Amino acid sequence: MTVMPLKFRKLPVGDLLFADDAGGFFQADQEFLHRYALGDLTDVDITFLEANGHAFHELGDLSYAGFEYRFASRLYTPGDLDYVILVPTLRCDLACGYCQVSRVNENTPGFDWTDETLKAVIRFLDGLTTKMIKVEFQGGEPLLRLDVLQEVRDFCRTRFDKCEFVVCTNLQDPSDDAWEFLEHDDVFVSTSFDADPGTHEAQRTITAAKTQQFLGNFRRALERLGTDKVSALPTINPHNPPPARSIIDHYASLNLRSIYLRPINHQGFARKKYDARGSASTWNAYYSAFIDHLVDYNWIAEQTVEEYYFVHCLRRVLRSGHNGHADLRNPSIVGSGYVVIDHDGKFYPTDEARMISRVGQFDLAMGDVFTGISRSKIDELNQEASNNFHPDCVHCPYQPFCGIDLIDDLSRYGRIDLPKHLTDFCQKHTGIFDKIFSMIYSSDPKVRKSLAIWSGVPNFDGSIGKRLQ
Amino acid sequence: MSLNLTIPEKLQEYVPDAVVRFRYLNPGLDIVCDGSAVAMSVVPERAAELEQEFMFCVYRQKIYVETLPLRKTLLAGVTGL
């Protein structure tokens, strides 16, 4: 019998969590580690490892083939380019201090698509081979260029079999025509609501009048478009976060059941105004407490609430192929499944890549809509986009569930070869997976109720958390 | 204080690489190895933790080396590379 490579991590209680490269995991004590490392496994060990898919007898047997399938299913494979993020303008009618895209004032000329850019974007979209397209309009405030949004939408509807449009808007001052645009069935709204009205005003709207204006528009969007078509996320200052319960209560009162907590990104203006570079430990403590508050809330709530990214990570632990979030993939191949087209027509592999290019840190542009996509730079970056054989990740039991974010590393540290445990990405995700596994192995009925809801099963009885006795 | 470890024979060949990784994870720590013996200068409060951490490095190195061919076979099987 051969045991598949096992990676391990010490748990707070003293035992160890083991995981294989396909994401199978179990707990065991340190005596098992000694036996495993020294090749002195007992019959009980062998029976357990075989029964739980961690071992095989010969290459190609059923156990090996099953493991190979599970291993392959954990890997992200980019498909057709069927998702574009369009930035028709960098102008914005708000001036948030943490703006990650370095927006410009509403009346500043020179930061919008020209007519030639729009035509070139349409030509680019026309050349795609996909039959389905998702278009995300970002900015600045994209509704300041409603004319562009309308033209792109009208073209896509004629060109593709299925279209979906997401408008990332601050909902500060939509015109009547903008509301008409947003009300179409294939249009979705993504906005920001920073926890509660007080925090939102302090971080975004500054004046009470503007706060009320936003809240009126936000409620109007929820009532007229429905909560299925409107998503909102709060941006949190890790060093001065609002009380967790305040966020949960305000979101729940608006019938928003999924909260996506976002720490201030180390991009754009936030680089100078906020200490967002090294805030992982502060963030992790807040985030963990927030999850605990959600568990308490869900225990007695009729309508339960989730934290979007936590649930995403939980589902990555529990099943393979859960690659829907661009920030957490392995390998994290960029510039293939989706691209960003900036206000000047340049292509970027990700939104964060355009941000660090905008501040002059690195130029991660991959061509433009006039001359076409240039892949050489991005292909070089993609060669480092896997965590499987990374000298740090190869020893980490969270590797199969985790990902890699080279652009975040470049943004924060100017390099991609920092020891992983020193990076913000690794520290935050280690914190999330520590929390997830502490909950998986918890016998607290409150925890199990939330895990069942978040993982989409009727009951979470704990049987998934195997333990080698 | 000086923390002295005697490494079991089955693990000795993995010690040099484990020392390199241990230094990478704990820069500035004074550690020397000589055959089956490893010695490091530590503050007493961290002795148990660092001993365990060092042995984890040795175990991990052994597991990594012994399973690397299997990992390569696995990856080749699913990617063709």
Quiz item: Using +1 on the beta carbon of Lys and Arg, -1 on that of Asp and Glu, and nothing else charged, what's the dipole of the protein assembly as shown about the Cα centre, debye to 20?
Solution: 240
Quiz item: Averaged over B:65-72, how many beta carbons belonging to a partner chain fall within 10 Å of each residue's beta carbon?
Solution: 4
Self-check item: Likely footprinting exposure, A:ILE432, A:ILE206, fewest C-beta neighbours within 10 Å first
Solution: A:ILE206, A:ILE432
Quiz item: If you average the sequence gap of Cα pairs under 8 Å that are 6 or more apart and divide by the length of segment B:2-79, what percent do you get for the contact order?
Solution: 37
Self-check item: Dipole moment magnitude, nearest 20 debye, segment B:2-79 about Cα centre, only Lys, Arg, Asp, Glu C-beta charged
Solution: 420
Quiz item: Percent antiparallel among DSSP beta bridges with both residues in the protein assembly as shown, to the nearest 5?
Solution: 50
Practice problem: Between beta-carbons, use under 15 Å as the cut-off and find the net charge around A:CYS313, counting Lys and Arg +1, Asp and Glu -1. | Solution: +3
Quiz item: Got a sec? How would A:TRP283, A:TRP454, A:TRP299 order by Cβ neighbour count within 10 Å, fewest to most?
Solution: A:TRP299, A:TRP283, A:TRP454
Quiz prompt | Inter-chain shielding of B:73-79 (mean C-beta neighbours from other protein chains, 10 Å cut-off) | solution = 6
Quiz item: Taking the Cα centre of each part, how many Å lie between segment A:434-469 and segment A:151-170?
Solution: 40
Exercise. State the answer as a single residue: which of B:MET55, B:SER41, B:LEU29 lies farthest towards the positive end of the charge dipole of segment B:2-79, with beta carbon charges of +1 for Lys and Arg and -1 for Asp and Glu, about the Cα centre.
Key: B:MET55
Self-check item: Proximal charge balance of A:ASP363 [Cβ under 11 Å; K/R count +1, D/E count -1]
Solution: +4
Self-check item: Sequence ranges A:326-337, A:43-54, ranked by mean other-Cβ count within 10 angstrom, highest first
Solution: A:326-337, A:43-54
Practice problem: State the percent of C-alpha pairs, over all pairs in chain A, separated by a distance greater than 41 angstrom. | Solution: 21
Exercise. Determine, for A:LYS377, B:LYS62, the number of other Cβ atoms within 10 Å of each Cβ, and report the residues in order from fewest to most.
Key: A:LYS377, B:LYS62
Exercise. Mind checking A:74-81 for the average number of partner chain beta-carbons within 10 Å of each residue's beta-carbon?
Key: 1
Self-check item: Scattering curve values for segment B:2-79, log₁₀ I(q)/I(0), Debye with Cα scatterers, q = 0.13, 0.18 Å⁻¹
Solution: -0.44, -0.71
Self-check item: About the Cα centre, charge dipole magnitude for segment A:13-93 (Lys/Arg +1, Asp/Glu -1 at Cβ), debye
Solution: 420
Self-check item: Relative contact order [Cα under 8 Å, 6+ residues apart], chain A, whole percent
Solution: 18
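Quick note: the coordinates plus some simple rules give every number you see, no bench work behind them. This one's a predicted model, so the numbers in the text were calculated from it and none came from an experiment. No Cβ is skipped: glycine too gets one built from the backbone with ideal geometry, and neighbour counts run over all protein chains shown.
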